[in-house]
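The next block holds one structure in the form of structure tokens; read it before the comments.
The values are calculated or read from the model by the stated rules, or taken from the named source; none is laboratory data. Keep in mind that what you see is a predicted model, and the values were worked out from it rather than measured. All Cβ positions, glycine included, derive from the backbone under ideal geometry; neighbour counts span all protein chains shown. Please note that ligands, DNA and RNA were not included when accessible areas were found on the heavy atoms of the full protein model with its side chains. Shrake-Rupley method; radii C 1.70, N 1.55, O 1.52, S 1.80 Å.
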Amino acid sequence: MNRLFGAKQTGPKPTLSSAISNTDTHVESIDVKLAKLNAELTTYQQRMAKMRDGPGKTALKQKALKILQRRKMYEGQRDQLQQQSWNMEQAAMMTDNLKNVMTTVDVMKDTNKTLRKQYGKVDIDKIERMQDEMQDLMEVGNDIQESMSRSYDVPEDVDEAELDAELEALGEEAEMEGGFGVAQGQGEMPGFLQDEVPTFVDEPPESGKVKEAAG
């Protein structure tokens, strides 16, 4: 069996990347051979174009036909190798995509395990009780703020209707006082005359003297 298929390989297994590289190398070597054959064909065609029909031209034609057959063979091999390389490239791309998918799945599994472990430590009932306590504390804080901001000047139980009636009464009193002051002001002596009237502290002036002073 080893004579037919060779000895058992003990080295590293070939990879798709190495297989693709080797195939591309073969394709490049075939392209070099095809370039040489094309150059020979061009030379034979140029020589035959200058020759007359005869045995010499026929011999060159036979050689050109053999080179053309070889070129077709190499072209067939190149096409096969190129197709193989393309197939292996597609397989490599699928392999890479599969590796990426498996890596993503492994990461998701680890993440799910971590989340389950972390969420298992969380007590939902405890969180809800804490939220209720926080709400109660907020209400107590609002009550404290409302109590601290209470005004001591005006009682909270004063009726607004009574305040309006009291304000209206104050307005009426102000109008009455204003009217009484105006009435008293009509009988008063002007200020420039009051300055000229003498004032007597001890005895009131006699009527005649007052008239003379006024005159």
Does LYS117 qualify as being open to solvent by 70 Å² or more (accessible area, probe 1.4 Å), of a type in the set (Lys, Arg) and modelled with pLDDT under 90? yes
Read through the list (1) surrounded by fewer than 10 Cβ atoms within 10 Å (Cβ to Cβ); (2) at pLDDT 90 or above; (3) of a type in the set (D, E, K, R), then give the number of the only condition that ASP125 fails. (2)
If we keep just the residues of segment 12-53 that are of a type in the set (D, E, K, R) and without any contact (Cβ under 8 Å) to a residue 12 or more places away in the chain, which is surrounded by the most Cβ atoms within 10 Å (Cβ to Cβ)? LYS36
Give me the pairs: first residue in segment 54-74 and within 16 Å of ILE30 (Cβ to Cβ), second residue among the aromatic types (Phe, Trp, Tyr), beta-carbon distance under 8 Å, and six or more apart or on different chains, which are they? ILE67/TYR44
Within segment 156-193, how many residues are open to solvent by 90 Å² or more (accessible area, probe 1.4 Å) and either charged (D, E, K, R) or at pLDDT 60 or above (or both)? 15
Taking GLN77 and the conditions (1) out of contact with any helix residue (DSSP H, G or I) (no Cβ under 7 Å at 6 or more places or on another chain); (2) assigned to a helix (DSSP H, G or I), which numbered condition does it fall short on, given that it satisfies the others? (1)
